[in-house]
Structures are given as structure tokens and as C-alpha cells.
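Shown next, in C-alpha cells, is the structure this report addresses.
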Amino acid sequence: MTTDATTQPTGTQPTTTSPTTTAPTDTDHRARADRPASSVAARVDDVSKVYGRGETAVVALAHVSLDILAGEFTAIMGPSGSGKSTLMHCAAGLDDVTRGRVFLGDIELTALSEKDLTRTRRDHVGFVFQSFNLIPTLTAQENILLPLAIAGRRPDQAWYDQVIDTIGLRDRLDHRPSELSGGQQQRVACARALVSRPEVIFADEPTGNLDSTSGSEVLGFLRRSVDDFGQTIVMVTHDPNAASWTDRVVFLADGVVVGELRNPTPDAVLARMRSLDGHHPAPGALPGGPAPRTTSRPGTTGEEA
Ligand code: ADP
């Protein structure tokens, strides 16, 4: 059985792509297929999420199983309301699940107390949000170091310098967010997520508030974080160009994983998204039984079902 209910339609060459970001050039990509096999950085195992009860209950996720491999840049895509944000929030331990289990590395988040979950998130997870979420009264540098300060940890100076040089904002470190452009603010937010060396960075529409040039700068920085530092990143996006910066795109429709693409191009992602617009699952709560795990296979290229 396959989880992929969609196949890429033939003869539907997209004439337009989303203007939000531009696609990467060839040199932006590393030879991803040559990478060694890596471990699972995050996992959701037969996870369902139901909001509300009774007749007003909404099934946001239904029996979703997904492995996120360490050192990969993964995009979560799907139509509005398909469960992308819910999946990200559940995988990051920001929201509880109705059933199923969630792991960060070997740690089962769904088995932790609230206190341990908060600590685990703080120490092992980085977040980048669409709206930057910087503290307006703090400088860029203070914002970047805030999570470490809260955790009572000191920054590794060499690593901090490397991150700052990579985001290219050394001359703006004393500026407050209001003195920075949107793209610069988001790069500060990325540095804040990266500086604690989290096991996974979850990014929710990180280019959603940016123009195409700034969005591409942020995506380029995220891409380099994966290629140069081995960072694991999961990004929710609706933008095919943004998704084409990743190694792997996982598609959701109506709370179910319906397929994935490896080494995505904007046109391939757009074609798949178009085919998803007509996706209608069987009616009823928590449709079907547990779906097969969607597992990333390093070294493969092209489309996977
Ligand atoms: P996406 O991110 O793909 O747009 P969401 O994960 O935000 O989708 O939402 C998935 C479904 O769950 C939608 O039908 C949405 O209306 C519903 N939903 C999301 N959050 C809540 C909530 N807090 N209460 C009730 N329903 C919700």
C-alpha cells in the first residue's frame, strides 16, 4: 500500500510559480545524493490530532507517521487547512496529540511531564516564525543570545562567530529589530534558533512576510545551515519556490500524508500541489487505519511515492 494518492499530472507544465521567493540556483545545492545515511532526528508515530469534541470535532491529523532525518531540510506542504501547522506543533512538542507518539531523537516527547517537555524544547529545539518574534527592546545580538541566557548557558564563541558571519549581520548586531529590514530580522531569528545547536529547527512559513529577495536570503541561510553545519530543519511553507530549497517535500491533504518529493523543483512541487487541490478523503473521523510510515531515504533522487 502506498500513502501517495497523488501522481504528478502529465502535460500540465506550470506557467507561473509563487512570487514569494525565488528558486535556488544549481550552486545553492550540494550533491545531496552523496550524503551518508543519517539518523532519525524527529518522528511522529501514528499521530492523530482532533480539535474539539462531538459534532464540532475537527480531525486535523489522522494516523500520521513520519520520520525526519538528521541533517536534512524537509518541507511540509499542503493546501490551507491540511494540517501543516498542527503537524509542526505536534512534532515540536508545542501541542499535545490526541493519539500516537512523538519523538525527538530518542526522547519520547509524548511521555514527558509538562516541565520536562518545556526543558527539552528549550534545550533541543529551535523555532523560526513567520512574524520573526524578536523582542523589540533588545538588540539583534541580545535577541540571538536570549535563549541561551534563559537556559543559563554561555555561547560557544567560535560557533557564535561562525553563525554571525554566515547570516552576514555583524555590523547590525547593536541594532534593535525596528532598525532592521524584515529580511534582516528573520536572519536574526534564524541565528537565534541556530546558536544553541538544536537537534531540530522548526520553521513556520519563515518567508511568508518577506519579499522575494529577502526570502531567498533567508532560505539560502537555512540551506547553508544544513549543508555546512549539518543542521536538521523542518519548514512549513505554501510556496513551491521555498520548498525547492529543501531536500524533501512531504505533502499533506486533509490531515493525511499523501506523498513526498525528493530533490524538489518548483515546477514539480507546483504540479503536485495542483493535484492535491482535488484531493478529497473518505468522510468520517480518523479515516483509515494507521498509515505506513513515510521514511526518507538518503541517496535517492526524484520522486518517491
Ligand atoms: P494548515 O497549517 O495546513 O493550514 P492547520 O494545521 O492550521 O492547517 O489546521 C488543520 C485543521 O485543524 C483545519 O481544519 C483547522 O481549521 C483546524 N484547527 C487548527 N487549529 C485549531 C484549533 N485550535 N481549534 C479548532 N480547529 C483547529
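The values are calculated or read from the model by the stated rules, or taken from the named source; none is laboratory data. Just so it is clear, the model here is predicted, and its values are computed rather than measured. A quick note on method: Cβ atoms are made from the backbone with ideal geometry, for glycine too, and the neighbour counts reach across all protein chains shown.
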Item checked: Residue pairs meeting the criteria (Cβ under 8 Å; at least 6 apart or on separate chains; first on the phi > 0 side of the Ramachandran plot, in segment 164-179; second not small (Gly, Ala, Ser)) -> Gly168/Arg187
Item checked: Residue in segment 46-66 that is farthest from the ligand (Cβ to nearest atom), counting only those that are buried (at least 18 other Cβ atoms within 10 Å of the Cβ) and of a type outside the set (A, V, I, L, M) -> Ser65
Margin query: Given (1) modelled with pLDDT of 90 or more; (2) more than 23 Å from Gly208 (Cβ to Cβ); (3) not small (Gly, Ala, Ser), identify the lone condition not met by Arg30.
Written below: (1)
Checklist line | Residue satisfying all of: in segment 96-126; buried (at least 21 other Cβ atoms within 10 Å of the Cβ) and over 17 Å from the mean Cα position of the chain (by Cα); nearest to the ligand (Cβ to nearest atom) among these | finding: Val97
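For segment 74-85, which residues satisfy the criterion of being near the ligand (Cβ under 6 Å from one of its atoms), polar (S, T, N, Q) and under 12 Å from the mean Cα position of the chain (by Cα)? Before you say what the answer is, go through the steps one by one.
Applying the first criterion (near the ligand (Cβ under 6 Å from one of its atoms)) to segment 74-85 yields 78, 80-85.
Within this subset, residues satisfying the condition of being polar (S, T, N, Q) are 80, 82, 85.
If the condition is that a residue be near the ligand (Cβ under 6 Å from one of its atoms), polar (S, T, N, Q) and under 12 Å from the mean Cα position of the chain (by Cα), then Ser85 is the only one that fits.
Condition (residue is assigned to a strand (DSSP E or B) and either within 8 Å of the ligand (Cβ to nearest atom) or under 18 Å from Arg262 (Cβ atoms) (or both)) applied to segment 87-95: is it met by at least one residue? Full working, then the answer.
Going through segment 87-95, the residues assigned to a strand (DSSP E or B) turn out to be none.
No: segment 87-95 contains no residue that is assigned to a strand (DSSP E or B) and either within 8 Å of the ligand (Cβ to nearest atom) or under 18 Å from Arg262 (Cβ atoms) (or both).
Away from the ligand (no atom under 16 Å from the Cβ), buried (at least 21 other Cβ atoms within 10 Å of the Cβ) and over 13 Å from Val256 (Cα atoms), is that true of Gly71? Spell out the reasoning first.
Numbers: away from the ligand (no atom under 16 Å from the Cβ): yes; buried (at least 21 other Cβ atoms within 10 Å of the Cβ): no; over 13 Å from Val256 (Cα atoms): yes.
It is false that Gly71 is away from the ligand (no atom under 16 Å from the Cβ), buried (at least 21 other Cβ atoms within 10 Å of the Cβ) and over 13 Å from Val256 (Cα atoms).
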